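Read through the structure below, which is laid out as structure tokens, and then see the notes.
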Amino acid sequence: MVDNSIIASEYTSIKYSSMATLAQLLATIAQSFLSIGLGMQLAISAIVIHHLYGNTKSDFSISLNEASWYGSILFIIHPFGCFLSGILQERFGKKNCMILANIPSIIGWTLLYLAHSSFFLYASTLLMGFSIGVGAGAVHAYVGEITEPRLRGAMASLTNTAALFGIMITFTLSSLFDWRTVALLSICCPIICILLIIFIPESPIWLIAKGKNKKAEKALCWLRGWVDSDTVKPELFKLLHYNNISGTIGTQYSNVVTSDNNSLLSKIAQFKEPSVYKPMKLIMIYFFTSYVINLTAGKPFIGKIMTEVGLRDNQSIYLIIFSILQMVGSVILILTIRRFRKRFLSLVTISMNSILLLLFSVYIAAMKNNYIKSTQWIPLTLIGGIYLSSGCGVACIPWMLIGEVFPNKSRGIATGVCAGMSYLLLFALTKSYLTVEMFLSIEYSMLLFGCIGICGLVYFYFYLPETENKTLLEIEEFFASDQKVERR
């Protein structure tokens, strides 16, 4: 019987040169173009709505109801892509899944460029949403499997930064070109992504699960700095043990796992295991809290929000500033995550966003009741602070966790299902945002969001474990057991 703790400690002791960091960085950058595309697809709805909502000067316009559907329909198709992604990852691997995810994106951007009615807007965003869904689970699972524990947090942060970079690119392009030209230029992103992903290796863990140990060794040599096979032998041995412990050792030229039934029912049955449903519950609560306190559900309507709080002019410039602030926050996360780790950064950024939302609510109420005059710098500071703080942790960390908290045998399907459920949640929140705001008013909506953040803070203080600098085996054992969270 192999001592799992010995395996974990030996794995963390393996040291590679700086070339290993470079290799993992290049692989992460290549697949991060999927995340850049995701950010661009998330941002384009706000641009299109801003230009077409009630605009009689455009060649066609959209109503408030059509704007609401267009802003939220992107997320309703995500889950179907995510569920398919789980199957594709298991069958064809992370790399091929990421390549396939770009094809609907290319078609979607083309349809948006050619759109002359709300029907084409809906069709384009459905294809983009499907593309995001297929790619989302694979991207985060891939990063979690190819990186060393010491680099996993930073590389996953880089992936999230890429999405924020995509948002900034779209807002910047929209300040220079009309929305059709932005759509046309955006087609370049998925094409570049396909060309780059072709040159990176498949996940060694997936290759081992399929019994392709020689290919796994070759991939590991690439990912650890283009070294010889003797250099990666110790880590390859640990990965073989990890797959053996997880029950995912496969046979050569096989697409099935020898130790488990690969049917759909057996995959679904895995969700009854504590090592799967416990991290899924945790991450779904994290996603809900994150979407609410980051104003993610309100982003398609950010122009309307800014108008209501007195920011009527220069909205395109403000959107660029907000996206830059969120990207700066994500860069700060990359630089600080190894020192402060995910748990601490989660608690700090959730606290900050909750406080900023409560202050935002107080400001709007005071402005509406004429206690203070409308002052642009106050809402700019508060909204900018929310974007900056979210980039520093709460917006990015759930996507980092999704690639590392699930057990090896369930990671493909579990990441797909979890990402799919998160997008279903985001669809519901986005579709209901205008209704909530109309029912409560904007100031009480912000008050509600801030209170939800405080509730989330209490929950995560007691139940969010630290995963930074932990091996995948250590994380898997934590959720499979009844260990308590270390509150440090």
Name, by its number, the condition in (1) open to solvent by 60 Å² or more (accessible area, probe 1.4 Å); (2) modelled with pLDDT of 90 or more; (3) not small (Gly, Ala, Ser) that does not hold for Leu356.
(1)
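From the residues in the stretch 278-291 that are closer than 25 Å to Tyr444 by Cβ and open to solvent by 10 Å² or more (accessible area, probe 1.4 Å), which one is farthest from the chain's Cα centre (by Cα)? So that I can check it myself, show each step before the final result.
Let us first name the residues in the stretch 278-291 that are closer than 25 Å to Tyr444 by Cβ, namely 285-291.
Those left that are additionally open to solvent by 10 Å² or more (accessible area, probe 1.4 Å): 285, 288, 291.
Values: Ile285: 15, Phe288: 13, Tyr291: 11 Å.
So, considering only residues that are closer than 25 Å to Tyr444 by Cβ and open to solvent by 10 Å² or more (accessible area, probe 1.4 Å), the one farthest from the chain's Cα centre (by Cα) is Ile285.
Identify the residue in the stretch 191-244 that is of a type in the set (Gly, Ala, Ser) and part of a helix (DSSP H, G or I) and, among all such residues, is nearest to Gly37 (Cα to Cα). If you could, list the steps in order and put the result at the bottom.
First pass over the stretch 191-244, keeping only residues of a type in the set (Gly, Ala, Ser): 203, 209, 211, 216, 219, 225, 229.
Next cut, part of a helix (DSSP H, G or I) only: 209, 216, 219, 229.
Details: Ala209: 30, Ala216: 29, Ala219: 26, Ser229: 35 Å.
The extreme case among them is Ala219.
Does Glu466 qualify as being more than 16 Å from the chain's Cα centre (by Cα) and either under 23 Å from Tyr142 (Cβ atoms) or polar (S, T, N, Q) (or both)?
So Glu466 passes the test.
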Counted residues, the stretch 388-415 - those being under 16 Å from Ile321 (Cα atoms), open to solvent by 20 Å² or more (accessible area, probe 1.4 Å) and not hydrophobic (A, V, I, L, M, F, W, C):
0
Restricting attention to the stretch 98-109, does a residue exist that is under 30 Å from Glu474 (Cα atoms) and surrounded by 19 or more Cβ atoms within 10 Å (Cβ to Cβ)?
yes
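Is one or more of the residues making up the stretch 8-17 part of a loop (DSSP other than H, G, I, E, B), modelled with pLDDT of 70 or more and open to solvent by less than 60 Å² (accessible area, probe 1.4 Å)?
Of the residues in the stretch 8-17, the ones part of a loop (DSSP other than H, G, I, E, B) are 14-17.
Of the ones still in play, those that are also modelled with pLDDT of 70 or more are 15-17.
The next check asks that each one be open to solvent by less than 60 Å² (accessible area, probe 1.4 Å); those that pass are 16.
Yes, the stretch 8-17 contains at least one residue that is part of a loop (DSSP other than H, G, I, E, B), modelled with pLDDT of 70 or more and open to solvent by less than 60 Å² (accessible area, probe 1.4 Å).
Within the stretch 339-353, which residues are within 19 Å of the chain's Cα centre (by Cα) and either under 17 Å from Ile402 (Cα atoms) or open to solvent by 70 Å² or more (accessible area, probe 1.4 Å) (or both)?
Looking only at the stretch 339-353, we keep the residues that are within 19 Å of the chain's Cα centre (by Cα), and these are 341-343, 345-347, 349-350, 353.
Arg341, Lys342, Arg343, Leu345, Ser346, listed by residue number.
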Mind listing just one residue for me: the one in the stretch 252-277 that is open to solvent by less than 60 Å² (accessible area, probe 1.4 Å) and of a type in the set (Ser, Thr, Tyr) and, of those, modelled with the lowest pLDDT?
Ser254
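Of the residues Lys299, Lys304, which single one is open to solvent by 40 Å² or more (accessible area, probe 1.4 Å), under 22 Å from Tyr363 (Cα atoms) and within 17 Å of the chain's Cα centre (by Cα)? It would help to see each step written out before you state the result.
Working: Lys304 fails: within 17 Å of the chain's Cα centre (by Cα).
Sole residue among the options that is open to solvent by 40 Å² or more (accessible area, probe 1.4 Å), under 22 Å from Tyr363 (Cα atoms) and within 17 Å of the chain's Cα centre (by Cα): Lys299.
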Number of the exception - Leu345 against (1) touching a residue at least 60 places away in the same chain (Cβ under 8 Å); (2) under 19 Å from Ser290 (Cβ atoms):
(1)
If a residue must be under 17 Å from Ser346 (Cα atoms) and among the β-branched types (Val, Ile, Thr), how many such residues does the stretch 451-480 contain?
4
Does Val292 satisfy the criteria of being in contact with a Pro (Cβ under 6 Å, 6 or more places away or on another chain) and aliphatic (A, V, I, L, M)?
no
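Keeping to the stretch 45-61, report how many residues are aromatic (Phe, Trp, Tyr) and open to solvent by less than 60 Å² (accessible area, probe 1.4 Å). Please lay out each step first, then the result.
Quick first cut of the stretch 45-61, residues aromatic (Phe, Trp, Tyr) only: 53, 60.
From what is left, the residues that are open to solvent by less than 60 Å² (accessible area, probe 1.4 Å) are 60.
The total comes to 1.
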Unique residue being closer than 30 Å to His50 by Cα, touching a helix residue (DSSP H, G or I) at 6+ places or on another chain (Cβ under 9 Å), open to solvent by 50 Å² or more (accessible area, probe 1.4 Å) and not polar (S, T, N, Q) when the list is Leu121, Leu164, Leu126, Leu196:
Leu126
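Tell me the residue from Leu114, Leu42, Leu84, Leu64 that is touching a helix residue (DSSP H, G or I) at 6+ places or on another chain (Cβ under 8 Å), at pLDDT 90 or above and open to solvent by 50 Å² or more (accessible area, probe 1.4 Å), please.
Values: Leu42 fails: at pLDDT 90 or above; Leu84 fails: at pLDDT 90 or above; Leu64 fails: at pLDDT 90 or above.
Result: Leu114 is the single residue among Leu114, Leu42, Leu84, Leu64 that is touching a helix residue (DSSP H, G or I) at 6+ places or on another chain (Cβ under 8 Å), at pLDDT 90 or above and open to solvent by 50 Å² or more (accessible area, probe 1.4 Å).
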What is the one condition in (1) more than 25 Å from Ile337 (Cβ to Cβ); (2) open to solvent by 60 Å² or more (accessible area, probe 1.4 Å); (3) not aromatic (Phe, Trp, Tyr) that Glu474 does not satisfy?
(1)
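The values are calculated or read from the model by the stated rules, or taken from the named source; none is laboratory data. Computed from a predicted model, the values in this text were never measured in an experiment. Please note: Cβ atoms are built from the backbone with ideal geometry, for glycine as well, and neighbour counts cover all protein chains shown. Accessible surface is based on the protein model in full, side chains and every heavy atom, while ligands, DNA and RNA are left aside. Shrake-Rupley method; radii C 1.70, N 1.55, O 1.52, S 1.80 Å.
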